[in-house]
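Working notes, beginning with the structure itself.
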Amino acid sequence: MPFIPHTDEDIRSMLATIGVPDIEALFDEIPAALRTTDFDAVPPGLNEIEVTRLLRGRAAQNHAAICFAGGGAYQHHIPAPIWEITSRGEYYSAYTPYQAEASQGTLQVIYEYQSMVAALTGMEVSNASIYDGASALGEAVLMAVRLSRRGKSPRVLVPATVHPAYRKVVATLVQNQGISLEEIPYDIASGAIDLEALESIKEDFAALVIPQPNYFGCLEEVDALTNWAHKQGGLVIGVVNPTSLALLKPPGEWGEVGADIVCGEGQPLGIPLASGGPYFGFMACKQAHVRQMPGRIVGRTVDLENKPGYTLTLQAREQHIRRSKATSNICTNQGLMVTAATLYMGLLGPQGLAQVAAACHANTMALVKRLTAIPGVEQVFEKPFFHEAVLRFPVQASTVLSTLGQHGILAGVRLDRTYPELGDTLLVCATELRTEEEIELYTRELAAALPA
Amino acid sequence: MSEIPAELKYTKTHEWARQEGEGDLTVGITAHAQELLGDVVYVELPEVGATVRAGGECMVVESVKAASDVYAPVEGEIIEVNTLLMDQPELINQEPYGDGWLFRLRPDSAAALDQLLDAKGYADMIAAES
């Protein structure tokens, strides 16, 4: 096999498979105004001064907006030491720590990471990370189906309040596995899972997915939902924002016995937004389910001289040992992101993380209060929220986005494509980084943009 | 060479089967197999009531270095599993023909057992493999 990716024929075949005429058509959804066409390659033979000048010029084409958008990826303050330490050669170059004797530092970092994720989620065990939050949910669904195969149909309840992109990823991952996903509607007044809609579900199901906070930023009734699912004999998969866990009840304490599997996106823990990646997914579960959890776990042991040592354990589920029966086929361990997250959690500590979470909540409360004081702007859902809320405007949401964009404000995330029933709404978010002045600026520019 | 009790029947995939009264079979893995696996740390037992076909995968034995399928020696129904192994998987290493048994099987046909190897046949097979 020649190791040459993407021959012309490969490209033709891939395009034909997805029904796109040419590569250019793949970029159709990017507005023309955002695309740079006069973007020459770096000319050969430049000296350092010239290269620096060229790249500074190009970097200046990026306009950093004031970010009030969330929707699964959040702009948080990242203390300087985190990436200073993470980018040390010892961490930066290490890939996957198979050779325990040469990888004690990396293994110990992962061990600490697992301990922190377990503590944060209130669960007993955590794996060493997964590709991203969406694929972590996909793996959690597959894991729940493996756990509940006894007498249960492989059916998983996925509420409409779960991140739309996550739902698409899960659907893609399970579509050929004979697993059916059933969408649970949300209550149009509260923005949370419709408990009455659940009551009508009689048949067996393997698991109920509970987002907390949900995609609209609202808090779900996690205790009631968890107890309901367990009473029906189903498992509970929590999809959570790690920052919020510093304030909210950890999934391990939901309902009478807690969630069974917990996953989510780790990006808020010290990972820059970086146009969407690389991020990492975290995953934790009850000890009783650990054999069905994908990926690897780092364990701590002692050697013959009683000195502590760290090693990969529970690897028997992985491809290099179990071949086609591996339960971790897409479990890409995002080691470097995990290193940053471990340092982030370690440096902030539980108290620091709680302060970040509280500041996010307070800023979003302030933002919502200011914006809804403008005539015609209203908060769509009545449920308490963490650091995001859905607002409705008397003009098109796209107009709000483009008008405020001209003033350097990223006003929120459009919901009309995924939730057309919500009309002209934006999901707005204010993390601890947003200042009073920035909130004031948003308010002023929005008021000016709306018809008097 | 590992112990190969003369009264048992064997598969080419290293399971042993012992005929109990009433025609039911007790099944385990051989001393030779557990030596190859090393320390057993986990078993995924079959479901009681499940039907299995001869040579079909029916459970998994996981050691520190590998996860291995265990195959049913004959066609039949699983009637009992050794739940002791859930907490003490090391019994497979310690007493592969005793408390380390895996499951009991009710064969569909009494004659099925004749297809399996006897102790000498199994001994010859592993001698040829090594």
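The table that follows gives values for the structure above.
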{"item": "At most 13 other Cβ within 10 Å, DSSP loop - trypsin sites (Lys or Arg not before Pro), region A:91-198", "result": "A:Arg149, A:Arg150"}
{"item": "Rg in Å to one decimal, and Dmax rounded to a whole Å, for region A:1-119 via C-alpha atoms", "result": "21.9, 53"}
{"item": "Amide H within-cut-off set for A:Gly266, under 5 Å, with H built and near neighbours excluded", "result": "A:Gly133, A:Phe280, A:Gly281, A:Phe282"}
{"item": "Relative contact order, percent, chain A [alpha-carbon distance under 8 Å, six or more residues apart]", "result": "20 percent"}
{"item": "Rg and Dmax [Cα atoms of region A:80-344; Å; Rg one decimal, Dmax integer]", "result": "18.4, 63"}
{"item": "Simple spin-label estimate for A:Glu253 and A:Leu433 in nanometres, 7 Å along Cα-Cβ", "result": "3.0 nm"}
{"item": "Choice from B:Tyr71, B:Tyr42, B:Tyr97 with maximal GNM fluctuation in chain B (Cα, 10 Å cutoff)", "result": "B:Tyr42"}
{"item": "Virtual spin-label span in nm between B:Glu95 and B:Asp118, 7 Å along Cα→Cβ", "result": "2.8 nm"}
{"item": "Over chain B: Kirkwood hydrodynamic radius from C-alpha pairwise inverse distances, Å", "result": "14.5 Å"}
{"item": "Efficiency of FRET from Cβ geometry, B:Glu22 and A:Glu9, R₀ 60 Å, rounded to 0.05", "result": "0.40"}
{"item": "Restricting region A:82-173 to chymotrypsin sites (Phe, Trp or Tyr not before Pro) in coil, as DSSP defines it, with at most 14 other Cβ within 10 Å", "result": "A:Tyr95, A:Tyr98"}
{"item": "Distance (nanometres) between label positions extended 7 Å along Cα→Cβ at A:Leu304 and B:Thr13", "result": "3.8 nm"}
{"item": "Sites A:Ser398 and B:Glu75 - FRET efficiency at Förster radius 51 Å, r taken between beta-carbons, to 0.05", "result": "0.20"}
{"item": "Whole-number D in µm²/s for region A:8-59 (Stokes-Einstein; Kirkwood sum over Cα pairs; 37 °C, 0.692 mPa s)", "result": "232 µm²/s"}
{"item": "For chain A, alpha-carbon Rg over 2.2 N^0.38 Å", "result": "1.04"}
{"item": "Two-site FRET efficiency, A:Ala189 against A:Ala362, from Cβ-Cβ distance with R₀ of 25 Å, rounded to 0.05", "result": "0.50"}
{"item": "Sparse-neighbourhood loop sites, GluC sites (Glu not before Pro) in region A:25-106 - DSSP loop, at most 15 other Cβ within 10 angstrom", "result": "A:Glu29"}
{"item": "Reference-scaled alpha-carbon Rg (2.2 N^0.38 Å with N residues) for region A:383-452", "result": "1.09"}
{"item": "Debye equation applied to the C-alpha atoms of region A:226-342, log10 I(q)/I(0) at 0.12, 0.13, 0.16, 0.17 Å⁻¹", "result": "-0.58, -0.67, -0.97, -1.05"}
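Coordinate-derived values only; no laboratory data. Since this is a predicted model, take the numbers as computed values, not measurements. When we count neighbours, we look across all protein chains shown, and the Cβ atoms used for this are built from the backbone with ideal geometry, even at glycine.
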